[in-house]
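Worksheet: the structure to be examined is printed underneath.
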Amino acid sequence: MIKSWFLAVCKYVPPIFLVLIPAMIIYGLSTQWIISKDVLSKYESSFILFVGFKKESGFVGGRTFERESRNYLIIGDNLQSKTVTIYAEFGELHKVKEEEGGLLTFIISYLLLIVVTWFFWLRPHNKSLQPTTNASAE
């Protein structure tokens with residue numbers, strides 16, 4: 001049961017992410033989150049990619065809360081990269097987290113998605129692993 005579930009996840013999730021990641025990057029290039037304008041303005045000379053988001057909402061203590069975060073990969077001169085995560089609560093800037101790096105992790109993760117997709121969907125199947133009929137047994 002667990003093996004078939006794991007194989008199904010490995011087979012169907014990577015192709016979905018291979019499509020969603022470029023779509024998210026294109027969406028981030030075409031629109032800008034109002035809350036992120038001030039934070040990202042200091043990186044105008046760099047290439048900014050929208051690479052992730054998280055949105056939460058709920059009802060706690062008699063009031064509704066909304067939390068949202070967006071991740072941006074900023075590629076500067078000489079391919080120096082920085083990951084910036086912008087957190088918002090109730091539609092206002094809450095905090096900003098900056099970390100060095102991220103480009104290599106992004107590239108390796110995307111290449112891993114490509115390899116897994118190739119393995120399950122595009123590789124030629126090995127005929128030696130398939131059952132054969134034994135002609136002498138008849």
Subset tally (residues that are closer than 28 Å to P22 by Cβ and outside any helix (DSSP H, G or I)) for the stretch 92-109: 8
Where the second residue is surrounded by 10 or more Cβ atoms within 10 Å (Cβ to Cβ) and among the small types (G, A, S) and the first is within 27 Å of L20 (Cα to Cα) and lies in the stretch 41-68, which pairs have Cβ atoms under 6 Å and are six or more apart or on separate chains? S46/G76; F50/G28; K54/S69; E68/A88
When you scan the stretch 26-64, how many residues do you find that are of a type outside the set (F, W, Y), within 14 Å of T85 (Cβ to Cβ) and surrounded by 12 or more Cβ atoms within 10 Å (Cβ to Cβ)? 9
Hits in the stretch 20-40 - residues which are touching a residue at least 24 places away in the same chain (Cβ under 8 Å) and of a type in the set (S, T, Y): S36
Regarding V51, is this residue β-branched (V, I, T) and part of a helix (DSSP H, G or I)? no
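No lab work stands behind these numbers, since they all come straight from the coordinates. Quick caveat: nothing in here was measured; it's all calculated off a predicted structure. Backbone-built Cβ (ideal geometry, glycine too); neighbour counts: all protein chains shown.
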